[in-house]
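The values are calculated or read from the model by the stated rules, or taken from the named source; none is laboratory data. Since we're looking at a predicted model, the values are computed, not measured. Here the Cβ is made from the backbone with ideal geometry for all residues, glycine too, and neighbour counts use every protein chain on show.
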Amino acid sequence: MVVLGRATDPVVAVDVGGSVIKGAILGAGHSGAIRRWPTPRTGGPAAVVSAVLAAVDELVRECDAVAAVGLAVPGIVDSGRGIAVAAANVGWHQVPFRDLVEQRTGRPVSVGHDVRASAEAEIRLGAARGAYDAMVLPIGTGIAAAMLVQGRLLHTGCGRAGEIGHLHVGHDEPCACGGRGCLEAIASAAAICRRFTARTGRRVADAAEVAELVRGGDRDAAAVWDEALGGLATAVAAYVTLLAPEVVVIGGGLCASGDLLLQALDARLAGRLAFQRRPRLVAAAFGDRAGCVGAALQAWDLLGAP
């Protein structure tokens, strides 16, 4: 359940992930309970688009009073035109989500980047509230960062800024983007599962299961986790050197591993940073629900809600 304490018109908020589509109705009179649907693994990009539209339809049908729809989608996003330009994890190109959803629902629609939506939630209401310089780093099926610089959330590079998941971090594994050595290919939740299975032949349900194996002393899980931490430390240290955030908010599904991630990453950063400002590392207040909360905030912004 997400409790925002806002006496606002209800909105539908949907956060599209590479593994799970999350959605909720938020606003006055609604609990904000998060619903989840699996992101289709077969059928290509068209199947994912259909699943997103079906999730929106299901939520809108439940509440005639829905005033707007907020979508948070991965990859490169043209928010001004409401288009999902491209996303390596789901494979779509130039999807006109705003037009598609407005035609189906008759409601105004905001379309934003999933990581920047998460950042809106954490900066305005959550773990980065009151910060002047911050990075919000959700770690899920993919990895990207949202950048708060001098109190302003950056929306630069035609929707391409913040793709920290595609920094080279010193390995040679292929990435879904077509490159090699990317952070996302070693440290995303999906990569941690894939690499553990490749190393051991054992399948795991998710990265949380790998984390539990690490706590239980499994050496293979520990090796995969250690390599992921090394990649994260390299990428975060580069960001810290360039932009000196006072706080780094770790979100997405991987933040559920708690101190196994946060304390270990903090220790790695301490060994890498010299003169640089050392940021506080904190877990996202909204966890993996931040994208939905941010999508709702963007929908309310579209309506001009206070």
Candidate set from segment 1-21 (those that are at pLDDT 70 or above, under 22 Å from H113 (Cα atoms) and β-branched (V, I, T)); member that is surrounded by the fewest Cβ atoms within 10 Å (Cβ to Cβ): V20
Single residue of segment 102-121 satisfying the filter (in contact with a helix residue (DSSP H, G or I) (Cβ under 6 Å, 6 or more places away or on another chain) and in a helix (DSSP H, G or I)) that is surrounded by the fewest Cβ atoms within 10 Å (Cβ to Cβ): T105
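Considering segment 248-264 alone, what residues qualify as being under 20 Å from the mean Cα position of the chain (by Cα) and either small (G, A, S) or surrounded by 20 or more Cβ atoms within 10 Å (Cβ to Cβ) (or both)?
Start the filter on segment 248-264 by keeping residues that are under 20 Å from the mean Cα position of the chain (by Cα), which leaves 248-262.
Selection gives V248, V249, I250, G251, G252, G253, L254, C255, A256, S257, G258, L261.
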Can you report the number of residues in segment 22-59 which are surrounded by 15 or more Cβ atoms within 10 Å (Cβ to Cβ) and among the polar types (S, T, N, Q)? 1
Testing L137 on (1) buried (at least 17 other Cβ atoms within 10 Å of the Cβ); (2) part of a loop (DSSP other than H, G, I, E, B), one condition comes back false. Which one is that? (2)
So Y132 ticks every box in (1) of a type outside the set (D, E, K, R); (2) touching a Gly at 6+ places or on another chain (Cβ under 7 Å); (3) buried (at least 16 other Cβ atoms within 10 Å of the Cβ) but one. Which box is left unticked? (3)
Is it true that some residue in segment 144-153 is within 17 Å of the chain's Cα centre (by Cα), at pLDDT below 95, assigned by TED's automatic domain parsing to the domain that holds D226 and not aliphatic (A, V, I, L, M)? no
How do the strands (runs of 3 or more DSSP E) wholly within segment 1-101 filter down when requiring 3 or more residues that are touching a strand residue (DSSP E or B) at 6+ places or on another chain (Cβ under 9 Å), over 23 Å from E184 (Cα atoms) and not basic (K, R): which remain? 11-16, 20-26, 68-73
